[in-house]
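This report refers to the structure that appears directly beneath it.
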Amino acid sequence: MKKITLFLLFAAVIACKNQPAEDGKSASAFSISETVFGKIDSTTITEYTLTNPAGMKVSILNYGGTVTKIITKDKAGKDGDVILGFDSLSGYLQKGNPYFGCLVGRYANRIAKGNFTLDGKTYQLAINNGANALHGGLKGYDKVIWKVQKLTGDSSLQFTYHSPDGEEGYPGNVDATVIYSLTAANELKIEYAAKTDKATPINLTNHCYFNLSAGTDTTIEQHELQLSANEYTPVDTGLIPTGKLAPVKGTPMDFTSAKLIGKDLPQVLGGYDHNWVLNKKGNALAKIGTLYHAASGRYVDVFTTEPGIQFYSGNFLDGTLTNTKAGKKYVQHAGLCLETQHFPNSPNEPSFPNTILKPDETYHHATVYQFGVR
Ligand code: BGC
C-alpha cells in the first residue's frame, strides 16, 4: 500500500514536471546550458550552467569539477556572483591558482611529510606544501579532466574520474563520482562517492571561495560566521594538527554564536586556516553552520555528513593573481572557504575519524550549501 502511494506521488511529480508551460517550455524551468570555455591539448573544456526556477545559477567546468560562478539574489533582488574565480581558462591554469572552486582529492588538506603506513607498507606521496602533501599532490583531482553526464531532471550533473593506482603516490585505482545538483530551494548539493581496489586514504571536498557581497566588499571581514563546533584541531607551524582537540570557548576560534569574521581575525596568527570538529554525531546530513553578509542580506547555510570543516580565510591571497573576474584584485581575505571534510592528517592520527577506504566499501560524502536572504 505504502509503495503504491509512493509510486503515485512520484508519477504525479514527474507528470507535473513534464507539463509544458504556456510558452511551450517545461513548467519546471530547470535548465542546463553548455558553453566552450577553452581547450587543454585537444580536449574541450566546457562550462555547464545549471539554472533553477528561482533564477539561481551555478556554473561548473569539466576541468577539476571547478565551480566558476554561483549567482544568487541579494535582498533587493539583484543578482550577484558570490564566489571568487577567473574570467578565462588561462586564469584557472595559472601557476598559483589557489584551488578556486575546484574538487579536491584524493586527500583534501594536509598529510604530514606526505607519508603514511597502511597494512605495514609505507607510502610516500608527492610533496607540494613545504614538507607536506596538500590537496592530493602536484596534480590532484582539481587539475584533471572529469567526464560529465547530465542526469535526468535538468538539475544535476554527474562528474566521474578514474584515478590510477600510484597516482601522486596513493595506492589503488579509485573511481570517484561527484554529483552537483541545484535544487528549487536554492541549494547547491554536492554528493561524493568513491570505490577503490586497494586500501587508500580518501577525503574529498570542494574549494569555493565565498564572498557574499558579490564584488562589493574587498574582504570577508564583514561576514558573520556561525559553526556548530565546540572544538577544533590545533596545528603546528606547518598547519599539521598536533593530534589534540582543543575547546574553542574563550578563544578567537569560537564561532558557536554568529560572529563577524573580522572581529578576532587579527588575533589569529596567519589568519583562520583550521579544522573545526563538528558537534554532530554520526554521518547523517546535518546543518553545521551559516555564513551571513548583512549589507547584501545574503546567507548560506551549510549542511554536511562530514565530521569536520576547514574554515580558511583566504590568508595567502595577495592581489597577484591574473585573469580574475572583472580584473578584481584578490587581496588577503578577499574570499573564504568552508571545506567540509575529515580532519587533516587523519592517516597518521589513529584517534581521528577513519579516512581509509577498503575495497569492499564505498566512500560517501554529501554537502549542501543553501542560499537565501534575510
Ligand atoms: C588550505 C590552505 C591553503 C589553501 C590553498 C586551504 O584548504 O587550508 O592552507 O593555502 O587551501 O589555496
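The values are calculated or read from the model by the stated rules, or taken from the named source; none is laboratory data. Remember, predicted model here, so these are calculated numbers, not experimental data. Don't worry about glycine lacking a Cβ; one is built from the backbone with ideal geometry, like all the others, and counts go over all protein chains shown. The area values use the complete protein model at the heavy-atom level, side chains included, leaving out ligands, DNA and RNA. Shrake-Rupley method; radii C 1.70, N 1.55, O 1.52, S 1.80 Å.
Summary table below
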item: Ordering of 332-341, 349-358 by burial proxy (mean other Cβ atoms within 10 Å per residue, highest first); result: 332-341, 349-358
item: Ordering of 206-212, 235-241, 65-71 by burial proxy (mean other Cβ atoms within 10 Å per residue, highest first); result: 206-212, 65-71, 235-241
item: Cα pair distances of the range 146-204 binned at 5 Å [whole percent]; result: 4, 18, 23, 19, 13, 11, 7, 3, 0
item: Net length gained if the chain between HIS162 and THR117 were fully extended (0.36 nm per residue, minus Cα distance); result: 13.9 nm
item: About the Cα centre, charge dipole magnitude for the chain (Lys/Arg +1, Asp/Glu -1 at Cβ), debye; result: 420 debye
item: Cα Rg over Rh - the chain, Kirkwood; result: 0.96
item: LYS244-ALA126 pseudo-label distance in nm [points 7 Å out on the Cα-to-Cβ vector]; result: 3.5 nm
item: Table column - 3J(HN,Hα) (Hz), the range 305-310, Karplus curve with 6.51, -1.76, 1.60, x for Gly and Pro; result: 8, 7, x, x, 9, 8
item: Carbon + sulfur, % of accessible area of the chain - ligands and nucleic acids excluded, 1.4 Å; result: 56 percent
item: Calculated from backbone phi, Karplus (6.51, -1.76, 1.60) coupling profile of the range 173-190 in Hz, x at Gly/Pro; result: 6, 10, 10, 9, 10, 10, 10, 9, 10, 10, 9, 5, 8, 6, 9, 9, 9, 10
item: Pairwise FRET efficiency - ALA184 versus ASP236, Cβ, R0 = 35 Å, nearest 0.05; result: 0.20
item: The chain, helix-only ellipticity at 222 nm - DSSP H runs n ≥ 4, -39,500 (n - 2.57), divided by all residues, nearest 500; result: -2000 deg cm²/dmol
item: Sites PHE316 and THR43 - FRET efficiency at Förster radius 25 Å, r taken between beta-carbons, to 0.05; result: 0.25
item: Rounded accessible area per residue of the range 8-373, 1.4 Å, Å²; result: 42 Å²
